[in-house]
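Working notes, structure below.
The values are calculated or read from the model by the stated rules, or taken from the named source; none is laboratory data. Everything quoted here is computed from the prediction, not taken from an experiment. Cβ sites come from the backbone with ideal geometry, for glycine too, and all protein chains shown count toward neighbours. Ligands, DNA and RNA are excluded from the accessible area calculation, which covers all protein heavy atoms including side chains. Shrake-Rupley method; radii C 1.70, N 1.55, O 1.52, S 1.80 Å.
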Amino acid sequence: FKTKRDLDGKVERYKARLVVLGCRQRFGIDFDESYAPVAQLETLRVVAVLSASAGWTVHQMDVKNAFLAADIDTEIYAKLPKGWPTQLPGDIEHDVVKLCRSLYGLKQAPYLWNKVINDWLVDEAGFTLIRSRTDSCLYISKDCTLVIVLYVDDLCIAGQTREIVDDFKSAITSRFKMKDLGQMHHCLGLRFRFDGHGGVSIDQERHILDMLQRFGMDSANPVSTPLPPGTELVAPMDSELLDKAMHRRYREIVGSLLYLSGGSRPDIAVAVNQLSRFMSKPGSLHMSAAKHLLRYLRGTSKLGLSFGSTADDELVGYTDATWGSEPTERRSVSGYVFMLNGAAVSWSAKLQKTISLSTAEAEFMALTEGVREAMFLRGMLCELGYDTEEPTLIFVDNQPALHLANNMTTSGRSKHFAIRMTFVRDEVKAGTVRLEHKPTGDMLADMLTKILPRPQHRKLRDIVMGQRATT
């Protein structure tokens, strides 16, 4: 049972769904393949931003009871739920039924549905759609006039003209039961607002307000930074561990924050990264830090990404790292952000998997992750018909890392990460990326590696989120 709400939080309808006990399925007997891809949020943001800039029409549709559109791939029986009438046609008593369709709850249901919709889009839709090599849930027509982003049963449809979009909507409605939601406005928990002049804003205000109310923080006093400046959380003492109920509440808070930080709020990414390290054993200080972050969101609930056509439409990246900042194992934090049309379309704040022996190594590991993301974004832009002949500019604030990447230099202090150096150097030589130095004070990715004082945090946040022009 689920309550569906509209953009204003009002109850739209009450939904009930019959779900089978997929937890009782046995691998190799009741199912084999179960993996199904979903679109990445970076893909959705890039398509929305480029479509707005080009003046395209962007609509969204929802497939009704999507999983029921796929036939079952093996013989499966299910018990009828309690209260269901067992007297079926033929005057025969039944308490077990054989499934003909991939009912919700089956482990292979998403896989079967994805196969059905992919086969239709590629072979039967009639729009010469090609499945993207960068994101398997992105479909692009050969003439690059129609783009489809698929997230399970939600479709973002971007077309060069309204007629192209309407033709596709008519075609898919003739094959599947669809719900037409009109111009894209609220998709996957993100609110999209197109200004009609080449700009689009993306925020999650509804998600933030619901989260604050759910965790009893809707009347809390706001604060100006995600965490107190310089915060580095450490593992708690046994006496500080949360009880079972509070531990569950902590995990719920961090889970909600993770989706928010990945959707439209890069300004909280490093704080959420710190909180998520202690999901298994949080203490009272970690709960206090989580509430501090909620208080920050209380004062910035309306804040989101703002893209505009007047900004530079060139993809530009920034990478940074803090060496050995994790206090227990002394691992470093990598951060990168890529800007397009005035705001961030992709960002990351992650703890490095291995220990770096120098600042240059930590910065180089962050640069490697940034180059990999640049390759992904460039591949997508190329498939969407945009010119990628010029290398993507990536700014680095560490001169030794920049020197190692741009020159064939190897020493005893760097030979242990030679594979990473070879990868980055090859991409620089191939013209995929171009590296330049950027002073630390103007390094946008600095916000994704550490908790900054309020003035610097606000300065970088406003640039990254498109609240003012990049300098």
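Things worth noting here:
- Three-way shape label, the stretch 239-342, alpha-carbon gyration tensor, a/c 1.5: oblate
- In the stretch 183-303, the inverse of the mean reciprocal separation of distinct Cα atoms equals 15.2 Å; this is its Kirkwood hydrodynamic radius.
- Taken over the stretch 1-138, the percentage of Cα pairs per 10 Å bin, counting from 0 up to the bin with the maximum distance, is 9, 27, 31, 22, 8, 2, 0.
- Of the trypsin sites (Lys or Arg not before Pro) found in the stretch 253-307, those that fall in a DSSP loop while having at most 14 other beta-carbon atoms within 10 Å are Lys302.
- Extension gain, Asn65 to Val11, is 17.4 nm, computed as 0.36 nm per intervening residue step minus the present C-alpha separation.
- Net length gained if the chain between Tyr77 and Lys244 were fully extended (0.36 nm per residue, minus Cα distance): 56.4 nm
- Once the C-beta distance of Gln213 and Phe1 is scaled by a Förster radius of 22 Å, the resulting FRET efficiency is 0.65 to the nearest 0.05.
- Separation of the Phe27 and Ser276 label points, Cα + 7 Å toward Cβ, nm: 2.4 nm
- Its Kirkwood hydrodynamic radius, worked out from the mean inverse distance over all distinct Cα pairs, puts the stretch 156-240 at 17.7 Å.
- Inverse of mean 1/r across different Cα pairs in the stretch 323-403, Kirkwood, Å: 13.9 Å
- Label-point separation in nm, Tyr35 to Ser288, each point 7 Å along Cα→Cβ: 4.4 nm
- Global geometry of the stretch 100-166, whether rounded, prolate or oblate, following the gyration tensor of its Cα atoms and the 1.5 cut on a/c: prolate
- Gyration tensor (alpha-carbon) shape descriptor, the stretch 298-360, a/c threshold 1.5: oblate
- Where N is the number of residues in the stretch 17-59, Cα Rg divided by 2.2 N^0.38 Å: 2.05
- Proximal charge balance of Asp397 [Cβ under 11 Å; K/R count +1, D/E count -1]: -4
- P(r) tail fraction, the stretch 102-226 - alpha-carbon pairs more than 19 Å apart, %: 60 percent
- Fraction of accessible area attributable to carbon and sulfur, the stretch 269-340 (%, probe 1.4 Å): 49 percent
- Less than 5 angstrom separates the built amide H of Phe31 from those of Arg26, all sequence-distant by 5 or more or on a different chain.
- Local electrostatic count at Val424 - Lys and Arg +1, Asp and Glu -1, tallied over other residues with Cβ under 13 Å: -1
- Straight-line reach from Lys177: taking Cα to Cα under 28 Å and skipping same-chain neighbours fewer than 8 places apart, the lysines in range are Lys2, Lys4, Lys10, Lys15, Lys64, Lys79, Lys98, Lys107, Lys115, Lys142, Lys169.
- Relative intensity, log₁₀ I(q)/I(0), of the chain from a Debye sum that treats every alpha carbon as a point, q = 0.10, 0.12, 0.13 Å⁻¹: -0.87, -1.20, -1.34
- Whole-Hz ³J(HN,Hα) from phi, Karplus 6.51 cos²θ - 1.76 cosθ + 1.60, for the stretch 278-295, glycine and proline x: 10, 4, 7, 9, x, x, 5, 5, 5, 5, 4, 5, 5, 5, 4, 5, 5, 5
- Cα-projected label distance for Asn406 with Thr359, points at 7 Å along beta-carbon direction, nm: 1.8 nm
- Near Ile172: Cβ cut-off under 14 Å, other residues only, Lys/Arg at +1 and Asp/Glu at -1. The net charge is -4.
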